[in-house]
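K.L.:
Take a look at this one; I'll ask things after.
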């Protein structure tokens, strides 16, 4: 055993030998991960353009990841190492397959018309009605409502809602939910103080109750 890296954890010598033998592949994988992280950050910026705070954080993250990529790439060039194309392993392939399945399911739910009680949501037209009257929702309010509809009659945790609506960077911002759920209730509930549809599940999250 040897002590390797800042964590001071015991590392089997065989692991170190394997890393040394596959050094070009290891660095190529490292560089590829930095590029993918920057690419994901940029993709999220385009997916949520109205969230200025999120865009600023993702912009900083993308620049940081690209700097890391440049550092690794410079090291590879200094050592005369080729950049090797990385192929996804079985684990990554399964993750991608699961993501495609989830996206297809979410797309099906987010199409057509959802009706419960006095609420009517036309996903194709992005139109919302309550008690027969059109309701104007902000983009974030609409995304939050969509997330609740996707999980109708099920308890959705705060963390899950924050991740689906605001993204991974905001999973600790529970106050976002309190503000936007209050706004939705004032627009969609007959009595916002005693909601019958947009329910709070104490210490857990929220639930959209259908009728």
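Where a number appears in this text, it was derived from the coordinates with a stated rule and is not lab data. Only a predicted model underlies this, so the values are computations on that prediction, with no experimental measurement involved. Don't worry about glycine lacking a Cβ; one is built from the backbone with ideal geometry, like all the others, and counts go over all protein chains shown.
K.L.:
Among 166, 15, what is the fewest-to-most ranking by other Cβ atoms within 10 Å?
P.N.:
Ascending Cβ contact count within 10 Å gives the list 15, 166.
K.L.:
Next question. Between residue 30 and residue 126, how high is the FRET efficiency from 1/(1 + (r/R0)^6) when r is the Cβ-Cβ distance and R₀ = 45 Å? Nearest 0.05.
P.N.:
E between residue 30 and residue 126, to the nearest 0.05, is 0.60.
K.L.:
Normalized C-alpha radius of gyration of the range 113-211, against 2.2 N^0.38 Å?
P.N.:
Rounded to two decimals, the normalised Rg is 1.00.
K.L.:
In whole Å, what is the distance between the alpha-carbon centres of the range 113-190 and the range 11-40?
P.N.:
Cα centroid to Cα centroid, the span is 42 Å.
K.L.:
Per 10 Å bin, what percent of the C-alpha pairs of the range 12-87 does each bin hold, from zero upward?
P.N.:
All Cα pairs considered, the percentages come to 19, 36, 26, 14, 4.
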